[in-house]
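Report on the following structure.
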Amino acid sequence: VDLGKTDGDPRFYSYARAAIAPWWDAESPPPAILRLRAKLQEREHLYEKALADLEQLLEQVPDDAQALLECANINRVLGRYEAARAACQKLSSVAGIVPQTLCSAPIQAVTGRAEDAYEAFAQILPLAREQLPSTVPWITTLQAEISTALGRDETAERHFREGLKLQPGDQYLLRAYADFLLDRSRADEALELLREHTRDTGILLRAAIAARRAGDAELAATWTRQLEMRFEEIRLRGGEPHGRFEARHALELKDDPETALELALANWNKQKETRDTRNVLEAAVAARNPAAAAPVLAFLAEHNNEHLILRNLATQLEAMR
C-alpha cells in the first residue's frame, strides 16, 4: 500500500489484496486485516464496505484513533458531515490535538467555517512538526487548499511551495497545485510541474490538460491516449475508472459536456469532495443544463460551502435558469 501511494502504480494495491486473499471475504477477520481491507476498499471507492470493516474494528478496539480518523474522513468524502463529526468527537477522547484537528478541520473547511479551519491548522503546525512530522506536508497542503477556497492566492501558493519542499513527489499535492496553476492560466508551469510524475492517473489527466492549454497538441494527444488506455485496462480487470477522472476527461479533453455531466453526476452521487462537486457544476455550465445541477447546488447551500470557484459556478448556473 505504501509503495502504491508513493509510485501511483495500482498494481501494488493488487499485490496487497492478494496478500490478504484468505481473509478477503471473511466475516470476522483479525483487526489488522480489517484495517488493511478497509484501506483497500476505500481505494476502490467501496466506501460502505470500508466503513463496515472500520466499525467492526472499532468494536474490537474502541480506542483505535486511526480507525476513528478514517471513519470521519470517509463520511466527509460521502458528504455525511454529522457522522464525520461524531467520529471526530469519539477521537477527541483517545487522541491528541493534532489528530483531532486533522479530523475536524477538513469538515469545518466545507461547512461554512473555512477561516476557523485554517487557523486551527496554523495553531497545531508547531506541535505537529515536533510530535508528528509526517503530518506536516498534509497540513500544509490543506492550508493551501483552504486559502485557495477563500481566494487568498498568494498565501495558497506559499503553502503549496512549502509542501513541495517537504515532499516533492507527493501525488495529492502535485494534483492540487497543478489545478491551482491551471485555474490561473499558468499551464506552462503546470506542465513542467507534472511532466515527470505521470505514472499517477490523476496527474496524467492534469498533465494532458496542461499540455493542451499550453499549445502542445502532440503531447496532449499522447497523454490523452495513455489516459484512455488506463481507463480501458481498469474495465478489463472488472473495475470502473474513477468517475472524477472520466468526467473531467470528457469535458476538458474530449469537449463532450453532456457525457461529462452524466459521469460527474454519477460520481457525485457516490462522493462529494470539492473536485467532485466542481466537475458537476462545470459540466452543467458547459452543457447549459442548470436543472441537472440542482441537487448539488442545494447541497452547497445547505452546508454553506464558501469555496469561491464553486460559488462563481453556482452564480453562472442561477443566471441560466
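What number of residues within the range 137-156 are closer than 23 Å to R244 by Cα, surrounded by 21 or more Cβ atoms within 10 Å (Cβ to Cβ) and within 16 Å of the chain's Cα centre (by Cα)?
Matching residues across the range 137-156 total 8.
Going by what's in this entry, would S134 be described as part of a helix (DSSP H, G or I), modelled with pLDDT under 95 and closer than 22 Å to L174 by Cα?
Working: part of a helix (DSSP H, G or I): yes; modelled with pLDDT under 95: yes; closer than 22 Å to L174 by Cα: yes.
Judged against the criteria, S134 is a match.
Out of the residues in the range 53-77 that are assigned to a helix (DSSP H, G or I) and open to solvent by 50 Å² or more (accessible area, probe 1.4 Å), which is nearest to T101 (Cα to Cα)?
Going through the range 53-77, the residues assigned to a helix (DSSP H, G or I) turn out to be 53-60, 65-77.
Subset that is open to solvent by 50 Å² or more (accessible area, probe 1.4 Å): 55, 59-60, 66.
Values: E55: 21, E59: 24, Q60: 25, Q66: 13 Å.
Out of the qualifying residues, it is Q66.
Return the pair list, or none, for Cβ contacts closer than 7 Å from residues in the range 294-321 that are exposed (fewer than 11 other Cβ atoms within 10 Å of the Cβ) to residues that are outside any loop (DSSP other than H, G, I, E, B), at least 6 apart or on different chains.
The qualifying pairs are R321/P290.
With respect to G96, is the statement that it is in contact (Cβ under 8 Å) with a residue 40 or more places away in the chain and surrounded by fewer than 17 Cβ atoms within 10 Å (Cβ to Cβ) true?
Values: in contact (Cβ under 8 Å) with a residue 40 or more places away in the chain: no; surrounded by fewer than 17 Cβ atoms within 10 Å (Cβ to Cβ): yes.
No: the conditions fail for G96.
Could you check the range 290-321 and list, in sequence order, the residues that are touching a Pro at 6+ places or on another chain (Cβ under 8 Å) and part of a loop (DSSP other than H, G, I, E, B)?
Selection gives R321 alone.
Only one of A291, A283, A260 is farther than 30 Å from Y15 by Cα and surrounded by fewer than 17 Cβ atoms within 10 Å (Cβ to Cβ); which? Before the answer, list the steps.
Working: A283 fails: surrounded by fewer than 17 Cβ atoms within 10 Å (Cβ to Cβ); A260 fails: surrounded by fewer than 17 Cβ atoms within 10 Å (Cβ to Cβ).
The match here is A291.
Picking from R199, R186, R195, which residue would you name as being over 22 Å from T274 (Cβ atoms) and at pLDDT 95 or above?
R195
It is to be established whether one or more residues within the range 84-91 are over 19 Å from Q143 (Cβ atoms), touching a residue at least 60 places away in the same chain (Cβ under 8 Å) and buried (at least 17 other Cβ atoms within 10 Å of the Cβ).
Within the range 84-91, not a single residue is over 19 Å from Q143 (Cβ atoms), touching a residue at least 60 places away in the same chain (Cβ under 8 Å) and buried (at least 17 other Cβ atoms within 10 Å of the Cβ).
The values are calculated or read from the model by the stated rules, or taken from the named source; none is laboratory data. Please read all numbers here as calculations on a predicted model, not as lab measurements. Glycine also receives a Cβ, built like all others from the backbone with ideal geometry; neighbour counts cover every protein chain displayed. Side chains are part of the model used for accessible areas, which takes the heavy atoms of the whole protein and leaves out ligands, DNA and RNA. Shrake-Rupley method; radii C 1.70, N 1.55, O 1.52, S 1.80 Å.
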